[in-house]
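The values are calculated or read from the model by the stated rules, or taken from the named source; none is laboratory data. As the structure is a prediction and not an experimental result, all values here were calculated from the model. When we count neighbours, we look across all protein chains shown, and the Cβ atoms used for this are built from the backbone with ideal geometry, even at glycine. The area values use the complete protein model at the heavy-atom level, side chains included, leaving out ligands, DNA and RNA. Shrake-Rupley method; radii C 1.70, N 1.55, O 1.52, S 1.80 Å.
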Amino acid sequence: MRIIVAGGDGFCGWPTALYLSKQGHEVAILDNMVRRKIDEELGSNSVVPIFSLEDRVNKWEELTGNKIEIFTGDLNHYDFLSQVFKQVEPEAFVHFAEQRSAPYSMIDREHAIYTQTNNVMGNLNVLYAIKEFAPDCHLIKLGTMGEYGTPNIDIEEGYIEIEHKGRKDRMPYPKQPGSFYHLSKVHDSHNIMFACKIWGIRATDLNQGVVYGLHTDETALDPVLANRLDYDGVFGTALNRFLIQAATGHDITVYGSGGQTRAFLNIKDTVRCIEIAANNPADIGEFRVFNQFTEYFSVNDLAEKVQKVSKEAGLDVEITKIENPRIEAEDHYYHAVNTKLRDLGLEPNLLTNEVLSDILKAVLENKTHVKKENVLPSISWK
Ligand code: NAD
Ligand code: USQ
């Protein structure tokens, strides 16, 4: 299959591009490198040093004989995007290319506007490009479990049957997101659903949970193929951050009381979920939604797991509850459905102590790259 991986230089996109290439697909990466520029803006970095995209792709070809073409440019430049579509004639378009940090979107007005413009307009351009140049192309779009928020009822996969005043309908599941970033994903979902309805586009919205881990079998082949690993208070995500904090002797930073529960998955399952979606495309005109996670945990559960594994590795790690910089429920019901990807063959990599120890080991090898001043959260929702 000819597949474009947009955002293929990022944390989820790079291992996905390699995995799809290994399965024999013809993969092209589209990326405008903005994530690397945001590191400069924030004075931050990946814990694991990452090589240029050209170096990464050349090393992959040297090791496997597989070519990955690079298109450097912005989804918001429609002429550029049109050229890529005309040249590649994609059968699937995997869309990771968005500003994905909730705290970054909450810095100030400019960052909120950048996030929503970049994400919502970029996605709209992709929809138009599919309509104009590749109407049969399957859009595989990364959404997020955070679109749903934390309702006091079970979270279904995209849709809910509602009975109201004696009548029934299948409606999009209500969305109550918790940041301007998460809201951008809700806006994307609405635009995709509408485009499927009016133009007959086929799309899968993958509402992904928080991703942890760093290596996949492919990125572990050579240091030049290493994946990025964020730890700072802006782009670092809960479990990865806790492991890096443990490795560097920093207290584990639980925000508020720590009862916040979120859905999680290993990066090794992210790449597999994308393959499953690509191999089982949505029908023409179908807007399909999968909840892409394998387990859920409270922030306290995660902190305790990391503390336990770290103690076994001889590290003395404390858990500190700090004032929550976000506005979010800290004590809530959480039960989300995730059967669709399982039904299509996903076999989850669960969060065992062994998995935690492996990530911790990789982090310990790179801990000197952590800039300690970036570890505490600096952005408030208020
Ligand atoms: P990332 O920031 O590491 O990667 C995103 C990539 O997209 C970067 O390489 C960036 O340069 C590129 N990009 C951004 N805007 C672009 C544009 N307009 N044109 C071209 N390229 C652009 O993020 P990630 O962690 O790999 O996340 C990828 C996707 O998965 C995002 O859409 C995110 O919302 C979603 N997601 C991520 C997680 C997670 O825990 N990391 C969880 C759920 C969903
Ligand atoms: N948290 C802490 N301490 C920390 C960091 C986070 O207690 O040091 C808490 C947060 O308050 C929040 C939870 O952990 O309750 C998750 O925060 P996070 O930073 O790990 O994840 P989030 O901001 O939700 O965003 C990440 C990705 C985003 C993706 C989302 C999936 O950055 O791209 O969409 O996870 S989800 O959470 O399912 O929406």
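Residues are listed down the side, and each one gets a yes or a no for (1) over 19 Å from the mean Cα position of the chain (by Cα); (2) crowded, with 16+ Cβ neighbours inside 10 Å:
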residue: Arg342; (1), (2): no, no
residue: Leu351; (1), (2): no, yes
residue: Val363; (1), (2): yes, yes
residue: Lys372; (1), (2): yes, no
residue: Leu376; (1), (2): yes, no
residue: Trp381; (1), (2): yes, no
- Query: Of the residues that sit in region 235-260 and are within 14 Å of ligand 1 (Cβ to nearest atom) and surrounded by fewer than 23 Cβ atoms within 10 Å (Cβ to Cβ), which one is farthest from Tyr296 (Cα to Cα)?
  - Reply: Thr237
- Message: The conditions are (1) within 16 Å of ligand 2 (Cβ to nearest atom); (2) in a loop (DSSP other than H, G, I, E, B); (3) polar (S, T, N, Q), and Asn349 fails exactly one of them. Which is it?
- Response: (1)
- Query: Gly256 passes all but one of (1) more than 10 Å from ligand 2 (Cβ to nearest atom); (2) more than 24 Å from Thr352 (Cα to Cα); which number fails?
  - Reply: (1)
- Task: Return the residue satisfying two criteria in turn: it lies in region 76-97 and is within 16 Å of ligand 2 (Cβ to nearest atom) and open to solvent by less than 10 Å² (accessible area, probe 1.4 Å), and of such residues it is nearest to Gly143 (Cα to Cα).
- Result: His95
- Task: Of all residues in region 226-265, count the ones that are part of a loop (DSSP other than H, G, I, E, B), within 13 Å of the chain's Cα centre (by Cα) and of a type in the set (A, V, I, L, M, F, W, C).
- Result: 2
- Query: Which number in (1) within 23 Å of Ser82 (Cβ to Cβ); (2) within 10 Å of ligand 1 (Cβ to nearest atom); (3) not polar (S, T, N, Q) marks the one condition that Gly143 misses?
  - Reply: (1)
- Message: Suppose the filter is over 23 Å from the mean Cα position of the chain (by Cα) and surrounded by 19 or more Cβ atoms within 10 Å (Cβ to Cβ); does Ala102 pass it?
- Response: no
- Any chance Ala263 is buried (at least 22 other Cβ atoms within 10 Å of the Cβ) and among the small types (Gly, Ala, Ser): yes
- Message: If a residue must be within 13 Å of ligand 1 (Cβ to nearest atom), touching a residue at least 60 places away in the same chain (Cβ under 8 Å) and either over 30 Å from Arg109 (Cα atoms) or of a type in the set (A, V, I, L, M, F, W, C) (or both), how many such residues does region 146-191 contain?
- Response: 2
- Considering residues of region 181-216 that are among the polar types (S, T, N, Q) and crowded, with 20+ Cβ neighbours inside 10 Å only, the residue nearest to Gly143 (Cα to Cα): Asn207
- Query: Does at least one position in region 303-321 carry a residue that is in a strand (DSSP E or B), open to solvent by 50 Å² or more (accessible area, probe 1.4 Å) and touching an Asp or Glu at 6+ places or on another chain (Cβ under 8 Å)?
  - Reply: yes
- Message: Just the residues that are open to solvent by less than 80 Å² (accessible area, probe 1.4 Å) and either within 18 Å of Thr16 (Cβ to Cβ) or in contact with a Leu (Cβ under 6 Å, 6 or more places away or on another chain) (or both), please, taken from region 62-75.
- Response: Thr64, Asn66, Ile68, Ile70, Phe71, Leu75
- Query: Do you know which of the residues in region 160-180 that are open to solvent by 90 Å² or more (accessible area, probe 1.4 Å) and away from ligand 2 (no atom under 16 Å from the Cβ) is farthest from Asn123 (Cα to Cα)?
  - Reply: Lys165
- Looking at region 119-145, which of the residues that are free of Cβ contacts under 8 Å to residues at least 60 places away in the same chain and outside any loop (DSSP other than H, G, I, E, B) is nearest to Ala195 (Cα to Cα)? Tyr128
- helices (runs of 4 or more DSSP H) fully within region 3-64 counting 1 or more residues that are charged (D, E, K, R) and within 18 Å of Tyr231 (Cα to Cα): 34-42
- Hey, among the residues in region 284-295 that are of a type outside the set (A, V, I, L, M) and surrounded by 19 or more Cβ atoms within 10 Å (Cβ to Cβ), which one's farthest from the chain's Cα centre (by Cα)? Phe287
